Amino acid sequence: MGSHHPVPLQELNFIVFRERSGPLFALAMPAHTTHTRPMSTEAWRWGDMFELDVPLSAEVRDLGEMVELRFAEEPATPLLLAAFSPLPTSGGPEQAVHGALERFALSRGFGRGSGPLRPELSVDPQGVVAGRLAFVTDLAWEVLAIAWNNHLVVAFSAAARPDAGIFDRAEALLASLRPGELIVSGTYLPEAAGDF
Amino acid sequence: MTSIAALLVAWLLPQAPAPDLREVDPVQAFADWTGARLVFTRKQTPSQVLYATTPQLSPTRRREAATILLAHARHYPQGTFKRIGLTTVAVFAGCGDPEGDGFRPWIDSLNGYRYFGRWHAVGAIAACYYDDGQLPLTFHHEVFHHIDATRGGKTDYGYFNEDDQRFADAFTRRDPYPALDLDARTVASLRGVAEGDVLEEAVGEYAQKSAGEDQAETARWFQTNLADGLLQATLRPELAGSQRILHLLREYQKASPGMSPEWFVAVALSQGTREAQKKPPEPQLQQTRSNVWLDKVDAEIDDPDLRRAIRGVQPATVRIGNGSGVNIDPSGLILTAGHVSDAVGDRFNVAFPDGRRFVGVTVASDKFLDLGLVRLEDAPDDLPIARIAGAAPHVGDTVVVIGQPGTRTPDGEPTNYEPWHVSVGEIRGFMPNILGKQSLGRTKHSAWTYWGHSGSPLFDTSGRIVALHNSWDSKTAMRHAVPWEAITLFLSKN
């Protein structure tokens, strides 16, 4: 999980695609470009929700609630990034990540009889939950999920082989994700017993 | 009606192409079903099946003949004639030939002995239309001659006589066949539509001419007494007539696997009423798990790789309520259109093409994306599935749609469309704002659809789901589908 970007982000025009009740998300917009990172990247912001570093060479197709990225090395293998808020579960970020990964696998034909699903989950000190699940059906899939506060981001890709480079790029991309409205654990200290 | 309401109705009704209310052309419908031409002139008929005298039918009688033969052609799975190399069915007002065979009278008006029909191993049969009761008998008789000479779609005269000894061994009980294995429920259903006729021995005197004619005569009796024939083959295998039928059932299946006993049971059960005879047979065998609709894939798709891919996923396509869908989870999770799944908690009957039926409950529904998920209750965990593609399709990509066209027009008229319809088309383009409101799906395609196709999957050439049909544009007749991107977004959330 990357740290907050040191340079103030540029505020660009937000274009809202989806018009209906419920949460609205805005286009991911280039917020800042830097060449100091290992790969030449530019910071993209998704409304107030998060920002992340996208390689300059990536082709970004903004779909509103989803972003499709294609990398020059593997143009036929897209990486999809979807963001949801509020969480699709009332069980908090950890359950949201676990549920998203499991749901994803089951909806791709990885039946419960296909073998155990073993999502890898980690929780950082600030309460951000990150998870990863790789599995193989007729395609090799990798799905990554990050949740914090009331937000969930899911990224996934499919390739013919489980060692395809797209999966490394997906992991690098989500490792650069910097949540907005990050609530550090100290914000909500446990209340004293009997204080309610 | 307010303008908003008018728009809503306009969207709801023409979910698929406007119904074609013209009367069905039985000649074309015969060709569509069988894959063989129905012709009425000597010029269109291979000479090997012509008699010396074959007067033509009047236009009215041709239409009557075609209507009769269309109903009886549906005793065979769609596309079967094409698959077994039977390309032409010729019908005339009479068949006369100066050479007799000792079994038929001389007719002056025919300037010869009166025949009923002829088969020759050139992929053609001729049938003469003397009366409504006789024509189907001749048709099934001559069709069986071709089947008798066909193995796995290949026709050879050598096959025609190859089985004659086995046939004789069966009905003389030197080497009888075991009874047909139908479950009690199917037997009860057949009894409900049977007439009580029994074929004790051979059909008639003409069966003595040769083993081939004996079999063809048995075939015409069986095809016009399906329920009775299946019942006696199940319950009274000791009868010589039953042994003849049991032999035929093997011959049908050897010629083309789709002509299975389960298929003929389904045809027999669909004939319970006169009205039902006009309809295609429905799979009513919950326990046999015979996917009688798989033949439609073969009939529609010539490319062997594409056919193999689509045969692999057709078993996962379902009828859900009055719409279509596809199973994506071995334990039963149906992906369909939001206007099919309707509200969370709604319940539906869900049917698979192998005849299995389940109750499903809507667990997710998104009206904006027009997508829904229906979880099956009490389902096994090894149901057939189709998988979502790893990426969106491109313009020009081939797609195959398998769906459930409505059997009635919005006005209540029968459509004669079959379930598990297979149509091939291509991706024609995308509307902007791919994740916008999908009341008109934002993927455009050209595969044929009809009312009831909503929720049917668009498969790519690997058999992966790349979109879900949900609507059509009444002005352009362009079909529209919910895009791959919307499906992936929906599945990530639900």
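Computed from the coordinates by the stated procedures, all read-outs in this text should not be read as laboratory data. On a predicted model such as this, the values are computed, not experimentally measured, just so you know. Don't worry about glycine lacking a Cβ; one is built from the backbone with ideal geometry, like all the others, and counts go over all protein chains shown.
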(message) I'd like the distance separating the alpha-carbon centroids of region B:197-274 and region B:91-136, in whole Å.
(response) 23
(message) For region B:134-242, what are Rg and Dmax over the alpha carbons, in angstrom?
(response) 14.3, 40
(request) Multiply the residue separation of B:ASN433 and B:ASP175 by 0.36 nm, subtract the distance between their alpha-carbon atoms, and state the gained length in nm to one decimal. (result) 85.9 nm
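Is there a simple number for the mean count of other chain Cβ atoms within 10 Å of the Cβ of residues in B:375-384, and what is it?
On the way: counts 0, 0, 0, 0, 0, 1, 3, 2, 1, 0.
So the per-residue partner count for this stretch is 1.
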(request) Apply the Karplus parameterisation 6.51 cos²θ - 1.76 cosθ + 1.60, with θ equal to phi minus 60°, to every residue of region B:98-105 and state each ³J(HN,Hα) to the nearest whole Hz, in sequence, with x for glycine and proline. (result) x, 9, x, 10, x, 10, 8, x
(request) Evaluate E = 1/(1 + (r/R0)^6) for B:PHE103 and B:ASN416, where r is the Cβ-Cβ distance and R0 equals 51 Å; express this FRET efficiency to the nearest 0.05. (result) 0.85
(message) Which residue, B:SER242, B:THR186, B:ALA170, has the largest displacement toward the positive end of the dipole of region B:163-277 when charges sit on each Cβ (Lys, Arg +1; Asp, Glu -1)?
(response) B:THR186
(request) Quick one: order B:ASP25, B:ASP370, B:ASP378, B:ASP354 by neighbouring beta-carbon count within 10 Å, fewest to most. (result) B:ASP378, B:ASP25, B:ASP354, B:ASP370
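Can you check what the Kirkwood hydrodynamic radius comes to for region A:28-182, Cα pairs only, in Å to one decimal? Mind showing how you got there, number by number?
On the way: mean 1/r = 0.0630 Å⁻¹.
It works out to 15.9 Å.
Which of rounded, prolate or oblate describes region A:70-157 when judged by the alpha-carbon gyration tensor and an a/c cut-off of 1.5? Working shown, then result.
Details: a/c = 2.00, a/b = 1.29, b/c = 1.55.
Verdict is oblate for region A:70-157.
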(request) At a Cα cut-off below 29 Å, give the lysines reachable from B:LYS43, other chains included and same-chain residues fewer than 8 away excluded. (result) B:LYS82, B:LYS154
(request) Work from the charge dipole of region B:26-158 (Cβ charges, +1 for Lys and Arg, -1 for Asp and Glu, about the Cα centre) and give the residue of B:LEU137, B:GLN48, B:ILE84 farthest towards its positive end. (result) B:ILE84
(request) Starting from the amide H of B:GLY325, placed 1.01 Å from N in the peptide plane, find each other amide H under 5 Å away whose residue is 5 or more places distant or on another chain. (result) B:VAL318, B:ILE320
(request) Enumerate the calculated ³J(HN,Hα) couplings along region A:161-169 in order (Karplus 6.51 cos²θ - 1.76 cosθ + 1.60, θ = phi - 60°), each rounded to whole Hz, writing x wherever the residue is Gly or Pro. (result) 10, x, 9, 4, x, 4, 6, 5, 5
(request) Name the residues whose placed amide hydrogens come within less than 5 Å of the amide hydrogen of B:GLU426, ignoring near sequence neighbours (fewer than 5 apart) on the same chain. (result) B:VAL399, B:SER446, B:ALA447
(message) About the Cα centre, and with charges only on the beta carbon of Lys, Arg (+1) and Asp, Glu (-1), how big is the dipole of the protein assembly as shown? Nearest 20 debye, please.
(response) 920
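Within 10 Å of each Cβ in B:387-394, how many Cβ atoms from other chains are there, averaged over the peptide?
Per-residue shielding by partner chains comes out at 6.
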(message) Within a 10 angstrom radius of the beta carbon, how do B:TYR252, B:TYR159 rank from fewest other beta carbons to most?
(response) B:TYR159, B:TYR252
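Using the C-alpha gyration tensor of chain B, what are the square roots of 5 times its eigenvalues, in whole angstrom, with the largest one first?
Working: eigenvalues 411, 128, 73 Å².
Output for chain B: semi-axes of 45, 25, 19 Å.
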(request) Compute the distance in nm between two label points, each set 7 Å from the Cα along the Cα-to-Cβ direction, one at B:LEU235 and one at B:TYR157. (result) 4.4
(request) Pull up the cross-link candidates among the aspartates and glutamates for B:LYS254, meaning alpha carbon to alpha carbon under 12 Å and not fewer than 8 places away within one chain. (result) B:ASP148, B:ASP163
(request) State the number of lysine pairs found in region B:291-494 whose Cα atoms come within less than 28 Å, restricting to pairs 8 or more positions apart or on distinct chains. (result) 9
(message) Quick one: 3J(HN,Hα) in Hz for region B:106-123, Karplus 6.51/-1.76/1.60 with θ = phi - 60°, rounded, Gly and Pro as x.
(response) 7, 10, 4, 5, 9, 6, x, 6, 7, 10, 9, x, 8, 10, 8, 6, 10, x
(message) Taking each residue in B:327-336, count the Cβ atoms of any other chain within 10 Å of its Cβ, then average. What number comes out?
(response) 3
(message) I'd like the orientation of helix B:484-493 relative to chain B: the angle between its Cα long axis and the longest Cα principal axis, in ° from 0 to 90, rounded to 10.
(response) 60
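Which FRET efficiency, nearest 0.05, do B:SER474 and A:SER57 yield, Cβ-Cβ r, R0 51 Å?
Numbers: r = 44 Å, r/R0 = 0.86.
FRET efficiency, B:SER474 to A:SER57: 0.70.
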(message) What value in Å³ per residue do you get for the convex hull of the alpha-carbon atoms in the protein assembly as shown?
(response) 203
(message) What number does region B:291-494 give for Rg over Rh if you use C-alpha atoms and the Kirkwood radius?
(response) 0.93
